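The values are calculated or read from the model by the stated rules, or taken from the named source; none is laboratory data. Note that the coordinates shown come from a computational prediction; the quantities given were computed from them, not determined experimentally. A quick note on method: Cβ atoms are made from the backbone with ideal geometry, for glycine too, and the neighbour counts reach across all protein chains shown. These accessible areas exclude ligands, DNA and RNA; they are computed on the full protein's heavy atoms, side chains included. Shrake-Rupley method; radii C 1.70, N 1.55, O 1.52, S 1.80 Å.
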Amino acid sequence: MSEFRAEKRVVVRPDAQTLARGVAKRFFQRVSSRAAEGKTTHILLTGGNAGTAVLHAAGESDRRHEVDWSRVHFWWGDERFVPAGDPDRNERAARAAFLDHIDVPAANIHPIAASDAGRSHDDAAADYSAELAAHAAEDQPWPRFTLAFLGVGPDGHIASLFPDRSEIADTEHTVLPVRHSPVPPSDRITLTRKVINSSRRVWLVLPGTDKASALGLALAGASYHSVPAAGAKGRKQTVFFVDEAAAQGVPEELIDPEF
């Protein structure tokens, strides 16, 4: 059991609001310390209610003024392939909640193309792969991500990697177009599992009773083909941030009370 805890930590907070504020606080601790050391930081953002709640908490925090954002780059783990003004866009939610409230250079924000940008679905995915490559680390054709945020759907999906579909098993590409998504909107673009899991830290945020089953399966070691969240793993750290509603049934020994 101790080996399991070394790989995956579960952090429980009383409710979704407290959870979002706590994750935002840890995010600031991570980026501010790296910026103070002169290090460039690449962050993978996520959409959905939980991811946006964390960004709202960060956007309301006074700590947002303490970070040298010129050293921080923001990317997305996935995006809905809809027009730029569509409320389903992860980029739109992230800007309104957080990015518009910090002094970050426009060049440091790397959105995935919208469907009305004049590029086809396939071309938009290829463009994002090229953008990642333009900021590649020495040993891989994409940036070295310090932190990847992930939401988790009730079905266990992460980014736009859904259960029992070809995208979750892809090991060849960095970015894929997703068609006929089981969750609307139908057309999406997603990073692949190998890119997400190259992140130094992967933080999964999943509040609510509807996430309890997915959390339990992920912690129990289910196949990532059927439960993609089970296959999310940072190179240094993997943390499931949950509220008490989602933590129902999680064994006490898997919960980290000190993190």
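Per-structure values
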| read-out | value |
| --- | --- |
| Solvent-accessible area per residue for segment 9-111 (1.4 angstrom probe, square angstrom) | 43 |
| Part-to-part distance (alpha-carbon centres) for segment 82-110 and segment 1-61, which is given in Å | 18 |
| For Ala148, residues with placed amide H under 5 Å, excluding near neighbours | Leu44, Arg201, Val202, Trp203 |
| Prolate/oblate/rounded call for segment 1-110, Cα gyration tensor, a/c under 1.5 rounded | oblate |
| Förster-model FRET efficiency, 25 Å R0, Ala96 and Gln17, C-beta, rounded to 0.05 | 0.85 |
| Ratio of Rg to Rh over segment 64-205 (Cα coordinates, Kirkwood Rh, two decimals) | 0.94 |
| Label-point gap, in nm, between Glu253 and Arg179 - each point 7 angstrom along Cα→Cβ | 4.8 |
| Largest-first principal axis extents, alpha carbons of the chain, Å | 51, 43, 36 |
| Heavy-atom accessible area per residue - segment 127-259, 1.4 Å, Å² | 40 |
| Val10 long-range amide H proximity, modeled H, under 5 Å | Phe240, Asp256 |
| Theoretical gain in end-to-end length, His121 to His65 [0.36 nm per residue, Cα-Cα removed] | 16.5 nm |
| Column: log10 I(q)/I(0), Debye, Cα scatterers of segment 150-256, q = 0.20, 0.22, 0.23 Å⁻¹ | -1.02, -1.20, -1.29 |
| Sites excluded, GluC sites (Glu not before Pro) in DSSP loops with at most 13 other C-beta within 10 Å, longest stretch of the chain | 173-257 |
